[in-house]
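So the structure is just underneath, and the comments pick up after that.
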Amino acid sequence: MQHLAKVVVLSLCIMCGCSGKVTPRVNPAPIEVSGTVTIAGKPVNDVVINFQPTGPGSLPALLTVKDGKFQGHANPGRYTYFVTPGQSKEAFKSVPEKYRAGAMDRQFSVAPENAIDFKLD
């Protein structure tokens, strides 16, 4: 009877993937991203655009905006975005409240050779 119990437990472990082997999750390598940030058609200056992951493989990214432009690295994937203050707190005051937190209705993809333009209107 004990032998039968051992066989059942071993069978369950094999079926459930209890082999002890762990497969690591590998995120894709970061890629170059660039884009613009404008309010009412005018370039935003001295803020930080935050990429907040909404899908697998994505990692958070923070990119400084100067003269309406940003450039840096982010993992390919799905994101929402929000804006936080840069060096000057004055520039951040012009950012509408709804862009100060991420929102699922503002998703975008980071992909190779994909310019990203954020219009904060």
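Put simply, the amide H of residue 101, placed in the peptide plane, has neighbours under 5 Å in 83, leaving out anything fewer than 5 places away on its chain.
Protection proxy ranking of 54-63, 103-112, 40-49, by the mean of other Cβ atoms within 10 Å over each peptide's residues and highest first, is 40-49, 54-63, 103-112. Think of the range 31-119 as a dipole: +1 on every Lys or Arg Cβ, -1 on every Asp or Glu Cβ, centred on the Cα centre; then among 57, 40, 80, 40 lies furthest on the positive end. Applying the criteria of a DSSP loop state and at most 13 other Cβ atoms within 10 Å to the GluC sites (Glu not before Pro) of the range 38-121 yields 113.
Size of the dipole of the range 50-121 about the Cα centre, Lys and Arg at +1 and Asp and Glu at -1 on the beta carbon, nothing else charged, in debye to 20?
Working: 9 positive and 7 negative charges, 34 e Å.
Once rounded to the nearest 20, the dipole reads 160 debye.
Derived scalar couplings between HN and Hα for the range 48-63 equal 10, 8, 9, 9, 9, x, 10, x, x, x, 8, 10, x, 9, 10, 10 Hz in order, rounded to whole Hz, by the Karplus curve 6.51 cos²θ - 1.76 cosθ + 1.60 (θ = phi - 60°), x for Gly and Pro.
FYI, it's all coordinate maths here, none of it is from the lab. None of these values were measured; they are calculated from a predicted model. Glycine gets a Cβ as well: all are built from the backbone with ideal geometry, and neighbour counts include every protein chain shown.
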